[in-house]
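K.L.:
Right, I'll just put the structure down here and ask away after.
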Amino acid sequence: MTSKKHVPRIVGLTADIVKSAEAASNQRVATVGTTAEEISRLWSLEYGHALRACLSRSEVREIVSEARRKAWPHLNDAAVRMGSMKEFAQRASALGADFRITRMTWPSGLSVLGFYLGRDSGLENRPLICLNGAHHPVAVGTAFIHEAGHHVTAELFSTRDESVQLSRHSGYESHLADPRELAADLVVSLGIYPRNMAVKLFESAPPKKMLSSADERAESPAAAKAVMGSARRYGLDFESLPIQQRLQYQAGLVHFTRLRQALLHEYGL
């Protein structure tokens, strides 16, 4: 008698979610070239204008207040700790969410950091935070903050028609036009760069339009310096990573750093 290898339900669920998301958006797996192009575009975007167009000052303050009340009482006062998987599970449970960790090692799976299933998904008794453990611990920790950010701000947004929030290592530009994604992103940005740190890094350097070439980017070195400083602070050694992951993680840090700079200059946060 032969026996079938048992596939955990969360693995099948994850594969289905990733597959359906790709079909809906017609996305390809990110390549070195496309990720490098995305990083160049992230440097050139006017984050301040995009932030104001997507979330007002009062909306941002409401998001921060909700995140502090429910999960991070010292958000924007002190840098967040990334934590261990056990700590993530405990934090998720305390927030009223189930927690799962899985390893999405196939090409399209590696483009995913994690996802959040809200109460309207119909797939779990409670909301679900799932992380892709195939990534560097710093990327996994960032993903937890982002997905938990979705959870604690869910009541501020209508998620009736889109209960799955998928966090990728690409497509950060689209977050600037999506209030829900931007809300979760700003929680990460404030967690990485509390206000006292942000003031030291960015207050004396008003944001300029950063263009794609290295020479033009050097005109505004504060954000570039902050990206590398944050990587070192959290133990993320870019040089030790495969080039695709290196670029993917850089894209995320560039996005969160530029968003933090915009939050300081536009809203004084």
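The values are calculated or read from the model by the stated rules, or taken from the named source; none is laboratory data. Note that the structure is a prediction, hence the values are computed from the model and not measured. Here Cβ is always computed from backbone atoms with ideal geometry, including for glycine, and neighbour counts include all displayed protein chains. Accessible surface areas use protein heavy atoms only, side chains included; no ligands, DNA or RNA. Shrake-Rupley method; radii C 1.70, N 1.55, O 1.52, S 1.80 Å.
K.L.:
Take Lys200 and tell me if it is over 20 Å from Ala36 (Cβ atoms), at pLDDT below 90 and of a type outside the set (A, V, I, L, M, F, W, C).
P.N.:
No, not satisfied.
K.L.:
Counting only residues that are at pLDDT 95 or above and β-branched (Val, Ile, Thr), which one in the stretch 230-269 is farthest from Gly191 (Cα to Cα)?
P.N.:
Filtering the stretch 230-269 for residues that are at pLDDT 95 or above and β-branched (Val, Ile, Thr), the one farthest from Gly191 (Cα to Cα) comes out as Val254.
K.L.:
Would you confirm, using the coordinates I've provided, whether Arg232 is over 16 Å from Ala79 (Cβ atoms) and either in a helix (DSSP H, G or I) or free of Cβ contacts under 8 Å to residues at least 60 places away in the same chain (or both)?
P.N.:
So Arg232 does not fit the description; no.
K.L.:
Which residues, taken from the stretch 172-194, are among the hydrophobic types (A, V, I, L, M, F, W, C), assigned to a helix (DSSP H, G or I) and more than 20 Å from Ala222 (Cβ to Cβ)?
P.N.:
Residues satisfying the conditions are Leu182, Ala183, Ala184, Val187.
K.L.:
Quick one: count up the residues across the stretch 180-197 that are of a type outside the set (A, V, I, L, M) and farther than 10 Å from Arg260 by Cβ.
P.N.:
Counting residues in the stretch 180-197 that are of a type outside the set (A, V, I, L, M) and farther than 10 Å from Arg260 by Cβ gives 3.
K.L.:
Looking only at the stretch 220-260, count how many residues are in contact with a helix residue (DSSP H, G or I) (Cβ under 8 Å, 6 or more places away or on another chain) and hydroxyl-bearing (Ser, Thr, Tyr).
P.N.:
Of the residues in that region, 4 qualify.
K.L.:
Scan the stretch 143-158 and give yes if some residue there is under 26 Å from Gly48 (Cβ atoms), of a type outside the set (Lys, Arg) and either open to solvent by 30 Å² or more (accessible area, probe 1.4 Å) or at pLDDT below 90 (or both), otherwise no.
P.N.:
Yes.
K.L.:
Also, quick follow-up: Return the total of residues in the stretch 203-229 being assigned to a helix (DSSP H, G or I), at pLDDT below 60 and surrounded by 14 or more Cβ atoms within 10 Å (Cβ to Cβ).
P.N.:
Of the residues in the stretch 203-229, 2 are assigned to a helix (DSSP H, G or I), at pLDDT below 60 and surrounded by 14 or more Cβ atoms within 10 Å (Cβ to Cβ).
K.L.:
Tally time: how many residues in the stretch 33-71 are charged (D, E, K, R), within 17 Å of Ala177 (Cα to Cα) and open to solvent by 70 Å² or more (accessible area, probe 1.4 Å)?
P.N.:
Number of matching residues: 5.
K.L.:
Residues of the stretch 235-266 being open to solvent by 20 Å² or more (accessible area, probe 1.4 Å) and free of Cβ contacts under 8 Å to residues at least 24 places away in the same chain, which ones?
P.N.:
If the condition is that a residue be open to solvent by 20 Å² or more (accessible area, probe 1.4 Å) and free of Cβ contacts under 8 Å to residues at least 24 places away in the same chain, then Asp237, Glu239, Ser240, Pro242, Arg246 are the ones that fit.
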